[in-house]
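What follows is a set of notes on a single structure, which appears directly below.
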Amino acid sequence: MKFLKYILFIILIVIITTSVYFGAKNGKFDTGATRTMEVPAAVLYEQINNYTTWQEWGPWMELDPEIQINLGDTLIGIGAGYRWKSNHPDIGSGSIITNNTVENKSIEQQITFSQMFGASAHQMNWNITPAEDGLKTTVTWRIKGELTLIEKILVAFNSESKSATNELYAAGLEKLEQSAKASMEQYTVNFDGISEYGGGYYLFVTATTTQAQLATRIAPMMGQVAGYMQANRIAHSGKPFTIYNQVDSTIANMIVSAAIPVKERILTTAESEVLCGYMPPLTAIKTTLRGNYINLDKAYARGLQYIKEKGLTIDPQHPMFEIYVSDPGEIPNPSNWVTQVYIPIITPQETIN
């Protein structure tokens, strides 16, 4: 009996000594990773700020495919969060909640680990810094706080814990870049069928270009029209669009017009490059692309396929055109851009006439 008391006394002394020793140690920590990605800052901010995407790039998903994720009622922005539960010893259970955000720049979150001896809450920060060209972004993902006594002891007996944490966050950033790029590449083409277009006046500029140069030519042309309208206080009456006046497939050249609708006919000066045109009401095959403009050929192909299948006739008097429903300046992810494609056709009545 005395021996048992002696053993218990020794154990008590060890526990006290250990507690005092590790309790006196500095438990503050700051760890994480940084990665430069070929993704716009706004797209990365969208991914990080939306907890529905975390299951796609969270590095702990690979450690435990059976991890249980419970999303909160709010999924985006301040107050959003989720809980997780895992039997994996390196993951455990816990929760994350967003406390503060600065759009496209930073996100502050609280991450809480649920442990046998109580919860441990720490601060998690995201810093998002775009490059001058706007095409690349440097993302820093860090977690900092102070270890509990139990955590200090566990870390002391696991010298590789900090290195493993850094590697985990680095892997998460790599997967985040992959997920963001994949989200930007998504697109859908919807066939809308035969549609009536109301027509109307528009201001435009015209240029000869190639298919390869088209993407870089349209934006400044559209800016020229918009600048003219602003300088002359002319209001637009619809979404901007591009008219394919002439397409020569043999030499890959095309004549295109960048246009913005206006309510009435505008008289421009003789020396002005910006002119006023009119499109009459017409019947067209309409398809809608939701995605990057590089996929517009799929939308045109879908419309042309329908015309061929139904034996319809393309109207040679009215060129094809596309309307930009979305403004890329306001919607950072190309997968959310909406473009309506119109291929004018001759109706049976027109054929008779």
(message) Could you tell me the extents of the stretch 188-352's C-alpha atoms along the three principal axes, largest first, rounded to whole Å?
(response) 47, 41, 32
(request) Please list, or write none, the aspartates and glutamates whose alpha carbon is within less than 18 Å of the alpha carbon of K308, excluding same-chain residues fewer than 8 places away. (result) D192, D297
(request) For the pairs K105/K181; K85/K144; K263/K298, note any where the Cα-Cα span goes beyond 29 Å. (result) K263/K298
(request) Going by C-beta contacts inside 10 Å, put Y187, Y342 in order with the fewest on the left. (result) Y187, Y342
(request) Describe numerically, in nm with one decimal, the distance between label points set 7 Å from Cα along Cα→Cβ at A131 and at E56. (result) 2.3 nm
(message) So for the stretch 188-352, averaging the separation of alpha carbon pairs under 8 Å that are six or more residues apart and normalising by length, what relative contact order in percent results?
(response) 29 percent
(request) Quick one: check the C-alpha center-to-center distance for the stretch 76-127 versus the stretch 199-269, whole angstrom. (result) 49 Å
(request) Along Cα→Cβ, 7 Å out, is where each label goes; now give me the distance between the ones at K263 and I76 in nm to one decimal. (result) 3.3 nm
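No lab work stands behind these numbers, since they all come straight from the coordinates. Note that this is a predicted model, so its numbers are computed, not measured. When we count neighbours, we look across all protein chains shown, and the Cβ atoms used for this are built from the backbone with ideal geometry, even at glycine.
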